[in-house]
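*Asks:* I am attaching a structure below and will ask some questions about it afterwards.
Just so it is clear, none of the values below were taken in a lab; they were calculated from the coordinates. Keep in mind it's a predicted model, so treat the numbers as computed, not measured. Here Cβ is always computed from backbone atoms with ideal geometry, including for glycine, and neighbour counts include all displayed protein chains.
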Amino acid sequence: MTLALTEPVNRTILLLDIEDFSRRGNVVQACLRRELHNVVEDTLAEAGVERNMQYREDRGDGLIVLVSADIPKTVLLRALLTTTPDALCQYNRLASSSAQMRLRMVLAAGEVAFDPKQGTVGGLIGHDLNQACRLLDADALREGLAQRDADCVLGVSSPVYEGVVRHGHRGLRPEEFHHATASVKKDRLDLWLHGPLPHVTTVPAPGPAPAGRGGGGMHNDAAKQAPAAPVSVPTSAGAAFAFNGGTVSVGGSQINGDQTGVSGGHVAGDVVLGSVRHEGRSEQA
């Protein structure tokens, strides 16, 4: 039996998700879920949200909370920035290391409809809710929590920032919210993150391969993969000079390595090596 789809109504959308929930054992997960409900209870009570002014849907590792539009978003934001961190801090002070809880949170707003099915729970639908869920999965929010020592991180949707935060109501400082672009699936969404943006490490792209003689692929690969080895100059009685991988020792009468010279000609005149001048002719067959 299918129940009728309700008309969409405007609600404040609060989403919460526990970091690293799936990595915990069943006993710890149960403990975390109970404490998450306690934290939400404290937060909503501080904001004056009565039972008949809210809807909660359990998502296993988190919660979807819809709050009546009669509750000012300023009041709810102040509770999320003060009561929620305090409640988490008190819990984590007493919890074991394996049961520590950290939260990602998103506050958004929009039209939500309810389409329940008999024998099941849930049934929330709506584009605005879908977008809020994608903000909760944004890398900026995940990395923002991962790079902080705090127990929670809060992001707000663009409508919440534009309509509430940027006006600087009591307890809300616009300069503490920073804009980030969230790319989730096929969407690029605007997210306003409370606190500093996460640091992103940029890996420089590899430079162009060195040009080789004639553009040969094998030559270019060799030049790219095999950097020039340092030249080792053997000890000799006189001065030593390295030319293109070969070693010429003057005074020790030693020539090593492949040499490229003048073929079929001769060199005449004075040859100066260092401070020694050699006079006469040098011929090469």
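*Asks:* Sort out for me the Cα centre separation of segment 86-145 from segment 1-57, rounded to whole Å.
*Replies:* If we compute the Cα centre of each part, the gap is 7 Å.
*Asks:* Also: Could you tally the net charge around Pro198, taking each other residue with its Cβ under 12 Å from the Cβ of Pro198, Lys/Arg +1 and Asp/Glu -1?
*Replies:* 0
*Asks:* For Thr74 paired with Glu162, estimate the spin-label separation in nm (one decimal), with each label point 7 Å from Cα along the Cα-to-Cβ line.
*Replies:* Calculated label separation equals 2.0 nm.
*Asks:* Hey, what do the phi angles of segment 59-73 turn into as Karplus ³J(HN,Hα) couplings, whole Hz, using 6.51/-1.76/1.60 and θ = phi - 60°, x for Gly and Pro?
*Replies:* For segment 59-73, the Karplus curve yields 10, x, 9, x, 9, 9, 10, 9, 10, 4, 5, 6, 8, x, 5 Hz.
*Asks:* If you don't mind, another one. Grab the beta carbon distance between Arg51 and Lys117, set R0 = 25 Å, and tell me the FRET efficiency rounded to 0.05.
*Replies:* With R0 = 25 Å, the Cβ-Cβ based efficiency is 0.55.
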